[in-house]
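Trainee: Here's a structure for you.
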Amino acid sequence: MERLDKLLANTGHWSRKEAHTLIKAGRVRVEGVLAQAKDQKVPAGATVTVDGEPLGPTGPVYLMLHKPQGLVSSTEDPREQTVLSLLPQHLQRLGLFPVGRLDKDTTGLLLLTNDGPLSHALLSPRRHVDKVYEVEVAGELDQADVAAFAAGMTLSDGYTCLPAGLEPTGPSSGLVTLHEGKYHQVKRMCAARGKPVTRLKRISFGPLALDSALSPGEWRPLTEPETALLR
Ligand code: URA
């Protein structure tokens, strides 16, 4: 059971106050019956309509964003434009946050959700959720780099990485697969090989691949099967 005003506000379309106004104005129905009070309890799965239109999703929200360059992966920032600013107002009210971070100059797949427990599970170091990146470096990638990634390299701060995949796709480009997510990890691993990253794009996160229909800056909700895969 959920309070009617909370249910309306959870869609992100209205504040609680606006929800009260809608209810008072007789624009809200629960299972076809005119809503009486803002604190009316609504059973899970009940059909709620506003002006005859069924409510959109009221549970947790999961979005796939193709992060463009130049935006920061945080919810608020005093100086920089955040990834959340790409979303319409009603979604910005839902308490969404990025699942992990991509650097300001990194592009690609970023999940946004307001499901704290799922985000926590996906980021847990124990889970080893795979992330795949397309990388371009200054210099040429060789078999010694592949072997160093596979062995689990030690970074300049003494941290020893888990074994990682490096698959060259051209002289200066490759696919990097990480089973963990440390700060600036791909950049630091490539730098440790003397080959600084010049371009970085995440193309998959766990079971999800970046949707090729999304241009940088575009996003879409995850489908039900995609959400189930994440779980
Ligand atoms: N590794 C990095 O160095 N940067 C990112 O944005 C993601 C992984």
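The values are calculated or read from the model by the stated rules, or taken from the named source; none is laboratory data. This one's a predicted model, so the numbers in the text were calculated from it and none came from an experiment. As a convention, Cβ positions derive from the backbone with ideal geometry for all residues, glycine included, and neighbour counts pool all protein chains shown.
Trainee: State the number of residues belonging to the range 140-195 that are of a type in the set (Asp, Glu), under 28 Å from the mean Cα position of the chain (by Cα) and at pLDDT 95 or above.
Mentor: Number satisfying all stated conditions: 1.
Trainee: Write out, first by first residue and then by second, each pair whose Cβ atoms fall under 7 Å of each other, whose residues are 6+ apart or on separate chains, and whose first residue, in the range 179-205, is within 18 Å of Thr160 (Cβ to Cβ) while the second is within 8 Å of the ligand (Cβ to nearest atom) and acidic (Asp, Glu).
Mentor: What qualifies is His184/Asp103.
Trainee: Anything in the range 122-145 that is under 24 Å from Leu210 (Cα atoms) and either in contact with a Leu (Cβ under 9 Å, 6 or more places away or on another chain) or acidic (Asp, Glu) (or both)? List them, or say none.
Mentor: Leu122, His128, Val129, Asp130, Lys131, Val132, Tyr133, Glu134, Val135, Glu136
Trainee: Counting just the residues of the range 14-28 that are in contact with a strand residue (DSSP E or B) (Cβ under 8 Å, 6 or more places away or on another chain) and part of a loop (DSSP other than H, G, I, E, B), which one comes out farthest from Val50 (Cα to Cα)?
Mentor: Gly26
Trainee: Could you grab me the full set of residues in the range 64-77 that are at pLDDT 95 or above and more than 13 Å from Arg101 (Cβ to Cβ)? Give the derivation first.
Mentor: Within the range 64-77, the first condition is being at pLDDT 95 or above, and the residues that meet it are 64-73.
Scanning the range 64-77 gives Met64, His66, Pro68, Gln69, Gly70.
Trainee: Given the options Leu8, Leu87, Leu102, name the one that is aliphatic (A, V, I, L, M), farther than 27 Å from Leu229 by Cα and in contact with a strand residue (DSSP E or B) (Cβ under 9 Å, 6 or more places away or on another chain).
Mentor: Exactly one residue qualifies, and that residue is Leu8.
Trainee: In the range 33-45, which residues are in contact with an Asp or Glu (Cβ under 6 Å, 6 or more places away or on another chain) and in a loop (DSSP other than H, G, I, E, B)?
Mentor: Applying the first criterion (in contact with an Asp or Glu (Cβ under 6 Å, 6 or more places away or on another chain)) to the range 33-45 yields 38, 42.
Once the filter is applied, which keeps residues that are in contact with an Asp or Glu (Cβ under 6 Å, 6 or more places away or on another chain) and in a loop (DSSP other than H, G, I, E, B), the range 33-45 yields only Lys38.
Trainee: Restricting attention to the range 40-72, which residues are within 30 Å of Ala213 (Cα to Cα) and either aromatic (Phe, Trp, Tyr) or crowded, with 19+ Cβ neighbours inside 10 Å (or both)?
Mentor: If the condition is that a residue be within 30 Å of Ala213 (Cα to Cα) and either aromatic (Phe, Trp, Tyr) or crowded, with 19+ Cβ neighbours inside 10 Å (or both), then Val61, Tyr62, Leu63, Met64, Leu65, His66, Lys67, Leu71, Val72 are the ones that fit.
Trainee: Something else now. Taking into account only those residues within the range 129-144 that are within 14 Å of the ligand (Cβ to nearest atom) and in a loop (DSSP other than H, G, I, E, B), which is surrounded by the most Cβ atoms within 10 Å (Cβ to Cβ)?
Mentor: Per the stated criteria, the residue is Val129.
Trainee: Report, ordered by the first and then the second residue, all pairs with beta carbons closer than 6 Å, sequence separation of six or more or different chains, a first member in the range 17-41 that is over 10 Å from Leu4 (Cβ atoms), and a second member that is surrounded by 12 or more Cβ atoms within 10 Å (Cβ to Cβ).
Mentor: Arg27/Val50; Arg29/Thr49; Glu31/Ala46
Trainee: So how many residues does the range 81-128 have that are surrounded by 19 or more Cβ atoms within 10 Å (Cβ to Cβ), part of a loop (DSSP other than H, G, I, E, B) and within 13 Å of the ligand (Cβ to nearest atom)?
Mentor: Total meeting the criteria: 3.
Trainee: How many of the residues making up the range 46-70 are out of contact with any Asp or Glu (no Cβ under 7 Å at 6 or more places or on another chain) and within 23 Å of Thr21 (Cα to Cα)?
Mentor: 12
Trainee: Quick one: Val129 ticks every box in (1) in contact with a strand residue (DSSP E or B) (Cβ under 9 Å, 6 or more places away or on another chain); (2) free of Cβ contacts under 8 Å to residues at least 60 places away in the same chain bar one, so which box is it?
Mentor: Of (1) in contact with a strand residue (DSSP E or B) (Cβ under 9 Å, 6 or more places away or on another chain); (2) free of Cβ contacts under 8 Å to residues at least 60 places away in the same chain, only one is false for Val129: (2).
Trainee: Return a yes/no flag: does the range 46-64 have any residue that is among the charged types (D, E, K, R) and out of contact with any helix residue (DSSP H, G or I) (no Cβ under 9 Å at 6 or more places or on another chain).
Mentor: yes
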